[in-house]
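What follows is a short report on a single structure.
The values are calculated or read from the model by the stated rules, or taken from the named source; none is laboratory data. Please read these numbers as outputs of a predicted model, since none were measured by experiment. Virtual Cβ from ideal backbone geometry, glycine too; neighbours counted across all protein chains shown. Just so you know, the surface numbers come from the protein's heavy atoms only, side chains and all, with ligands and any DNA or RNA stripped out. Shrake-Rupley method; radii C 1.70, N 1.55, O 1.52, S 1.80 Å.
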Amino acid sequence: MNLPLDVPVDPDAAQAQQRIIAELAKAQYRAAQPTWFDRASAAFWDWLKSLTAGVGGPFQGPILAIAALVVLAVVVVAFLIFGVPRLGRRSAVTGALFGMGDERDAAAMRRAANDAAAREDWALAIEEMFRSIARGLAERTILTTSPGTTAREFSARAGALFPSLAAALAATATVFDEVRYLDGPGTEAAYRRAAELEAELRSIRSPLSTAGGGG
């Protein structure tokens, strides 16, 4: 029986390399590769072992244990001092706000307020801007609201945190109630005051920074 002449019995170096690459690319080999956690753990233990290089016998185990405890203590102290690392500057806050379900963030509410103002719909512009104020403080984890929180309750709590802005917050909450529940038309001046209040609150890094400020 004649063997096909185009199938090499002994592959050359290039063919052997291609076959090895193709074999290692199979799923079972990829699954067996170490993960980033495996590599990080191995590197950590290699570093610990390097601390005891040249130290053998019964002393090596205790030294490794002490080094691990020192590293753990450093991590715990870092958490106590700096807190849990935050993955983002803003938290995701959604849900009901002043009696209405709303999944938008503060920026989206602010854009809606500006769009309404461009159409001279001052009532909607005021309402959206006040919602943006509340949602913005919640996103910054400064002041949260529950589904039943009223505008006046929110303004009172926010005013306690920002005493220099307490009067402006109370006035804006009053206008919000007028346009939201009493069909008030709103005015451009009231919207401008609400927008200025929102911008000022957004620029403040902490409630403590207003402790000695003016109105």
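Filter region 176-186 for residues that are in a helix (DSSP H, G or I), over 14 Å from ALA116 (Cβ atoms) and either touching a helix residue (DSSP H, G or I) at 6+ places or on another chain (Cβ under 7 Å) or of a type in the set (Ser, Thr, Tyr) (or both) and give the result.
Correct list: ASP177, TYR181.
Going through region 140-164 one residue at a time, which ones are assigned to a helix (DSSP H, G or I) and open to solvent by less than 20 Å² (accessible area, probe 1.4 Å)?
Correct list: ALA151, PHE154, SER155, ALA158, GLY159.
Within the set of pairs 6 or more residues apart or between chains, which connect a residue that is in a helix (DSSP H, G or I) inside region 101-126 to a residue that is surrounded by fewer than 20 Cβ atoms within 10 Å (Cβ to Cβ) and at pLDDT 95 or above with Cβ atoms less than 6 Å apart?
Pairs that qualify, where the first residue is in a helix (DSSP H, G or I) and the partner is surrounded by fewer than 20 Cβ atoms within 10 Å (Cβ to Cβ) and at pLDDT 95 or above, are ALA116/LEU124; TRP122/THR187; TRP122/GLU188.
Identify all residues within region 178-198 that are surrounded by fewer than 16 Cβ atoms within 10 Å (Cβ to Cβ) and either among the polar types (S, T, N, Q) or at pLDDT 95 or above (or both); write none if there are none.
Across region 178-198, the qualifying residues are THR187, GLU188, ALA189, ARG192, GLU196.
For GLU153, which of the numbered conditions (1) in contact (Cβ under 8 Å) with a residue 24 or more places away in the chain; (2) of a type in the set (D, E, K, R); (3) farther than 17 Å from ALA199 by Cβ fails to hold?
The number of the failed condition is (1).
Being closer than 22 Å to GLU188 by Cβ, of a type in the set (Gly, Ala, Ser) and surrounded by 14 or more Cβ atoms within 10 Å (Cβ to Cβ) narrows it down to one residue among ALA112, ALA118; which is it?
ALA112
Output the qualifying pairs, or none if there are none: Cβ atoms under 7 angstrom, residues six or more apart or on different chains, first residue in region 189-200 and within 12 Å of ALA123 (Cα to Cα) and in contact (Cβ under 8 Å) with a residue 12 or more places away in the chain, second residue surrounded by 15 or more Cβ atoms within 10 Å (Cβ to Cβ) and among the polar types (S, T, N, Q).
ALA194/THR172
Residue check: is ARG131 of a type in the set (D, E, K, R), in a helix (DSSP H, G or I) and buried (at least 18 other Cβ atoms within 10 Å of the Cβ)?
Yes: the conditions hold for ARG131.
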